[in-house]
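Notes follow the structure.
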Amino acid sequence: MATTKSTKRAWTASDVMSKEVICVAEDMELRELTRMFLDRGITGAPVLNRGGDLVGVISQHDLLFYSLTRGDELVLDSDFYQSVRVDGRRLPQGFQVEDANSGRVSDVMTPVVHSVSARTPVDRVAQLMTRKHIHRVIVTQGKKVAGIISAVDLLKVMVPPPPAARAAAPAHPAAGARKRSLSRRAPLRKRRN
């Protein structure tokens, strides 16, 4: 169990969660969601209804599964638009057909939400993530999102930094430079609210 050194109190979800959570609306278009994931560098997000209540979670895995199972044929490069004519005339340059089968987040999201309260011990959060094979857990207060905990957030508090005694000089000079740069990093500390 992860504990603080000064108080020996067990870490809780509120100690490690990210409070600034990027949430998405259930009626958001999947194209917009994909762009947001890429722009923000995230791989998943809680899904909210119009009232702001948590109704699901969506991830890159959900998008990939949807893309591979919806029955569309793969679109291959073709010279179709160079040769097609409408009313006997060629189509203007840049003409394209939009995908009419643009889904929404609610079509793809996982409606089962694995959530914890802010007081849940960190080791319980880790057990939930391991048991359910999930990469993130939503911290809730009622039906509202209070935070999110990723697997990386848990690793930061559960795996202690290597002791300075292990930072012996390696045989290879490049490896030594790497270890020296790692040892200069500040140790992880419990967040204070």
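Taken together, the values in this text are just the output of simple stated rules run on the coordinates, not laboratory data. These figures come from a predicted structure and were not determined experimentally. Because the Cβ atoms are built from the backbone with ideal geometry, glycine has one as well, and the counts that use them run over all protein chains shown.
Listed values, structure above:
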read-out: Charge sum, other residues only, whose C-beta stays under 9 Å from E26's C-beta, Lys/Arg counted +1 and Asp/Glu -1; value: +1
read-out: Simple label model, 7 Å out from Cα along Cβ direction - R40 to R119, nm; value: 2.9
